[in-house]
C-alpha cells in the first residue's frame, strides 16, 4: 500500500468512529475527541458557548455585513455594473468570513442534531458558501482583494504582506470544519483547488518562498489528515523548513518580525510578531507529529519552555510591544503596555494543544488553561458583543484602549475593528472548545481540562460535574464501560497542593505523577471518582529580571488571575500595598459579578494597606540633599508610617475587567 493509501486508510478509520475534532492527527497515541463525543455542560465553558451562539455570532454576522467582508467576495462572483470597490484596507479580510464559517459549522451541526429550523446562521452560511464558490478563479485561486479589478497588484507579487497563503489556511480550516461537522464538502472542494494550485507553485519543484504570515502550515497538515494526500504535508513541511533563511522581502520590520532571521530548529527564542510566531510553531508541531520528527519537536519544546519561563504574562498573554505586535525581549513584560493580542492567545492555545498531543505534557496544558481563563477570556465582553484587541494588565485612569491599527480608540472594548481578526477568531475557538478537552489513548481516556461535560468513547463514557474554575470539587461518573480494564486519566493542575481523591467509599491523598492521576481498572456504570482540589488564594511575585514588576505582587486563585478595578474601591489603586500574608487572610466570595449569564464567579476580599499620597514631584530626592527626609516621607517603610490606613480591596477575575464604566485597573500591586 502506498503512503497516500496508508494515510487515507488511517484517516478514514479515524473518522469512521465519529471523531470529528478540529485537530485530528493520524500519527501519535492521543486522538482528540470532537463534538460528536464531547459535549459541554452547565459549567463555565458551556456558558461561554451559549453566549457565543446567542450574542457573539449574531453580532459578528451583522458586523461582517456592515464592514463589507462578504460584499468583497460577492462582487468578484458578480461584478454588477463594476462601480463598487473593495471595502477595507487589508488583503486578508476574507479570513474573517472563513473563521466565522468555521465556527458556524459547529453551531449548525448542533441545530441539525436537534432538528432546529433554519435561521439567520444558516442563511449567512449558505450565502457565504455560495459567493465563495462563485468567486473562485478557474485555476483555483481565491482572494477578493487581489481579484478586485481596481487593485493593481499582481497575484503572488507581495508574499510578505499579501497574506494570500494565510487566507488559504483559514479557508482550509473552515472547509474541514464544514466537512467534519456537517458532511458538507463544498468548501472543501474550493479549498483543495486553491491548495493544489499552491502545491504546484510552491511545492518541491516550485518557488522556494514562504508567506509573510504563517498559518497555512497547520491547515495544510490538517488537509493531509482529512484527505490523505501527501503533497499537502510535504508543502507544510517545506514552509516550516524554508522559514528563517531570509526569503521574506523586508519592508518596515526586520526579519525577526516574520520569524525569518534563523531556521525554526535553530531559533534561540520565540520572537517577532506574536501571532505569526505561535501559528508557525503550531504548524511545525503538526509537521513534527505526523513525520515523527523528534529533532523538530525538541526544538519546539525548547521554544515553548523559554516562552513560558521568560516571555509570557501572568495572564498567559504573549506580546509586549504595540509598534509591531511583537513578543519582545526576555523579561520585557510591562503591565500597562502589554499587547497580548487576543489572536495571540488563541494561537498559543493552538500550539499548546498540539504540543500536548505530541508529548502528553500536563505542564503544557497548565499553560493553556492559564491562557484560556485569562488572556483569552478577557478579549470578550460579558455580554459577548464587544472585544479587546490587545489585553493590558494595567489601565491608568487616562489610558485609551487602542487596537493597534487605529490612531485612537475607545476607552474600553470595541464592537468591531478596522482589522477585525480577533472577533471571528473568538467565534470559532469558542465553538470548538469541546474539541480541546479530552483525548482517547490506547489505554483509555485522558481528561485534559476540567469543566462540566459528557465524554463518550467506545470503551469508556463519563460525565464530569464541576463548577471549576470557581470551585475545586470535581466528580467524574462512569456512564458506560467496556468489559475490560480501561484507564481514566485526569490532569491535576500544577498549582494544586494537597487535595484528595475518593473512590468506592475510600479517600486517599491526591498524588499526581507528572501532573496526572491515572486510574486503571474494570469500570462499571455508576462508579465515581471524586476529586477535591484545594483553591487557596496565592500571592505571586515576579522574576527579578522583570524590571517592570520589581517589588510587585499579584493574586491568583486556581487558574484565575485577579485584578482590582477602581469602581470597587474609593482608594486610589496606585496606593494599595499588599504582602504575601494577605493572601492567607483573603475572603473568597462566590457571587454574581456583573449581570453575566451562567455560573457565579469569585471575588476576593483581600486586606490591604493604603499608602499616603505620593509626592507631587516625579523623581523625589532620596538622599544627598538637606530636605531628602521630608521629600521621601511618603516613601518610607510602611510598617512605621503612622499616616497609613488599612482597607479591604475587592479583586475580581481579570477576564471580567472593563465591563463597566472606564476606570483604572491593576493586576500587579506594590508589595510590602
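Just so it is clear, none of the values below were taken in a lab; they were calculated from the coordinates. All values reported here derive from a predicted model rather than from experimental measurement. Cβ placement follows ideal geometry from the backbone for every residue including glycine, while neighbour counts extend to all protein chains displayed.
Answer rounded, prolate or oblate for segment 478-626, using the Cα gyration tensor with square roots of eigenvalues a ≥ b ≥ c: rounded when a/c is under 1.5, else prolate when a/b is larger than b/c, else oblate.
Prolate, since a/c reaches 1.5 and a/b exceeds b/c.
Using only the alpha-carbon atoms of the chain as identical scatterers, what base-10 log of I(q)/I(0) does the Debye formula give at q = 0.05, 0.07 Å⁻¹? Ignoring solvent entirely, the Cα scatterers give -0.24, -0.47. Using just its DSSP H runs of length 4 or more, each adding -39500 (n - 2.57), the chain gives a mean residue ellipticity at 222 nm of -10500 deg cm²/dmol after division by all residues.
Note: segment 200-269, Cα convex hull, 87 Å³ per residue.
The mean sequence distance of close C-alpha pairs (under 8 Å, at least 6 residues apart), as a share of the length of the chain, puts its relative contact order at 13 percent.
Rg and Dmax of segment 141-189, both derived from C-alpha coordinates alone, stand at 13.2, 39 Å.
Counting beta carbons within 10 Å around each of 480, 463 and listing the fewest first gives the order 480, 463. Beta bridges from DSSP with both residues in the chain: antiparallel share about 90 percent, rounded to the nearest 5.
Relative to one another, the C-alpha centroids of segment 206-248 and segment 295-324 are positioned 22 Å apart. Among 419, 343, the ranking by other beta carbons within 10 Å of each residue's beta carbon, starting with the fewest, stands as 419, 343.
Dividing the C-alpha radius of gyration of segment 98-137 by 2.2 N^0.38 Å, with N its residue count, gives 1.24. The packing ranking, built from the mean of other Cβ atoms within 10 Å per residue, places the peptides 521-533, 227-239 in the order 227-239, 521-533, highest first. Computed from Cα positions, the angle between helix 342-359 and the longest principal axis of the chain comes to roughly 70 degrees.
On C-alpha positions alone, give me the angle between the axis of helix 230-242 and the longest principal axis of the chain, in degrees, nearest 10. With both axes taken from Cα atoms, the answer is about 50 degrees. D by Stokes-Einstein for segment 41-192, Kirkwood Rh over Cα pairs, 25 °C, 0.890 mPa s: 151 µm²/s.
Rounded to the nearest 0.05, what FRET efficiency do residue 500 and residue 29 give with R0 = 35 Å and r taken as the Cβ-Cβ distance? Could you check?
On the way: r = 30 Å, r/R0 = 0.84.
About 0.75, to the nearest 0.05.
Angle of helix 164-182 to the longest C-alpha principal axis of the chain, folded into 0 to 90 degrees and rounded to 10: 80°.
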